[in-house]
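Q: Here's a structure for you.
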Amino acid sequence: MSRRKTERLLGLVVCLLSSERYLTATQIRDAVPGYPDSFDAFKRMFERDKEELRELGIPLETGANSPVEEEAGYRIPRQAYMLPEIRLEPDEAAVLALAARVWRQAELAGAAAGALLKLRAAGVDAEETMQPGIEPRLRAGEAAFGPLWQAVRDRRPVSFDYRAAGRSEAQRRNLQPWGVVNRHGRWYVAGHDTGRGAVRVFRLSRIDGPVEFSGPPGSVTVPEGTDVRETVRQWDSPPPPQRSAVLRVRRGAGHGIRRYASSEQPDPAGSGSWDLVRAPFSDVGWFAEHIASFGTDVIAVEPADLREAVMTQLKGALA
């Protein structure tokens, strides 16, 4: 299914699901982006879209808002659309949550929002809903996410300026992308760096400026057996720990720190809201950046060089 058709069908579902009234074909054509201006061409396309929605199992109703209305309208009743209670295993829930995070920030969200705005402008009471019932907590706010996701999908090489950790200036990188994955709340792209002639992993938040396509679709080949998530994990994992840090971690937070902790105990000065956590580390720069990513929920107490490095990270983010 093409991206244009996917956006149109998504806009149609959101449009019909968000209105409690039956919407006429004219209202739908005006509200949902992607339909042609010609009414005859619209009717043919709309008929195909209705059949496709029904084949997907979406309950599309036909009716009228009052006995005096001659033109039939359409809507998707929420009670029929909503899924019954589903019990998921933890790994199944994690996969669905990740998919929802991607959907939340994909370009498709714009099509849905546009349909709602047009409905409200036409005087139709359209209520915004969260579909499909999963509340994503993670947002892919980096501007590079969209074009890199598209490049991976279309197997296209890309070029971008990248500012590596500890460098003040960005360097031009040419990449054959294999996949975009999330690890510990950060987005990464992995692939073959043609300039270095080796596999490389890049953190999206360090990409400076736009991502440009540097080749035609289908020109990137992902090696057989490649595990992009494992590639990112190996790149992102710190070396074997040699030192120990004492951290103040807010209760109910900092799980990415706690999972590697060697000990935890309530902080006597924390009024019951903080814990003292001792965690192993090796690389000060890497661990300081990791601690800073938790914001005010994790505070470095010692050693002094780690505490100073965390403060530097936070001051840089503030600037």
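The values are calculated or read from the model by the stated rules, or taken from the named source; none is laboratory data. From a predicted model like this one, the values you see are computed outputs, not experimental measurements. As a convention, Cβ positions derive from the backbone with ideal geometry for all residues, glycine included, and neighbour counts pool all protein chains shown. Side chains included, ligands, DNA and RNA excluded: accessible areas come from the protein's heavy atoms. Shrake-Rupley method; radii C 1.70, N 1.55, O 1.52, S 1.80 Å.
Q: Among the chymotrypsin sites (Phe, Trp or Tyr not before Pro) within the range 224-319, which fall in a DSSP loop and have no more than 14 other Cβ atoms within 10 Å of their own Cβ?
A: Y260
Q: Here is a further query. Can you pull out the trypsin sites (Lys or Arg not before Pro) in the range 251-319 that DSSP calls coil and that have at most 16 other Cβ atoms within 10 Å?
A: Qualifying residues, ordered by number: R251, R259.
Q: Grab the beta carbon distance between T226 and N182, set R0 = 30 Å, and tell me the FRET efficiency rounded to 0.05.
A: Rounded to the nearest 0.05, the efficiency is 0.95.
Q: On a full-extension model of 0.36 nm per residue, what is the gain between H255 and V68, subtracting their alpha-carbon distance, rounded to one decimal in nm?
A: Stretched out fully, the H255 to V68 stretch lengthens by 61.3 nm.
Q: Please list 3J(HN,Hα) in residue order for the range 32-49, calculated via the Karplus relation 6.51 cos²θ - 1.76 cosθ + 1.60 where θ = phi - 60°; whole Hz, with x for glycine and proline.
A: Computed from phi, the couplings for the range 32-49 are 9, x, x, 8, x, 6, 5, 5, 5, 5, 4, 4, 5, 5, 5, 4, 5, 5 Hz.
Q: With θ set to phi - 60°, apply the Karplus curve 6.51 cos²θ - 1.76 cosθ + 1.60 along the range 305-316 and write out the HN-Hα couplings as whole Hz, x wherever there is a Gly or Pro.
A: With the stated coefficients, the range 305-316 comes to 5, 5, 4, 5, 5, 5, 4, 4, 4, 5, 5, x Hz.
Q: Based on Cβ point charges of +1 for Lys and Arg and -1 for Asp and Glu, what charge dipole magnitude is obtained for the range 21-87 about its Cα centre, in debye rounded to the nearest 20?
A: Rounded to the nearest 20 debye, it is 260 debye.
Q: Please calculate how many Å² of accessible area the range 210-296 carries per residue, with a 1.4 Å probe and no DNA, RNA or ligand atoms counted.
A: 58 Å²
Q: Sticking with this one: Carbon and sulfur atoms: what percent of the 1.4 Å accessible area of the range 192-319 do they account for?
A: 52 percent
Q: Taking a ≥ b ≥ c as the square roots of the Cα gyration tensor eigenvalues, with a/c under 1.5 meaning rounded and otherwise prolate when a/b beats b/c, else oblate, which class fits the range 242-319?
A: Oblate shape, in that a/c is at least 1.5 and b/c is the bigger or equal ratio.
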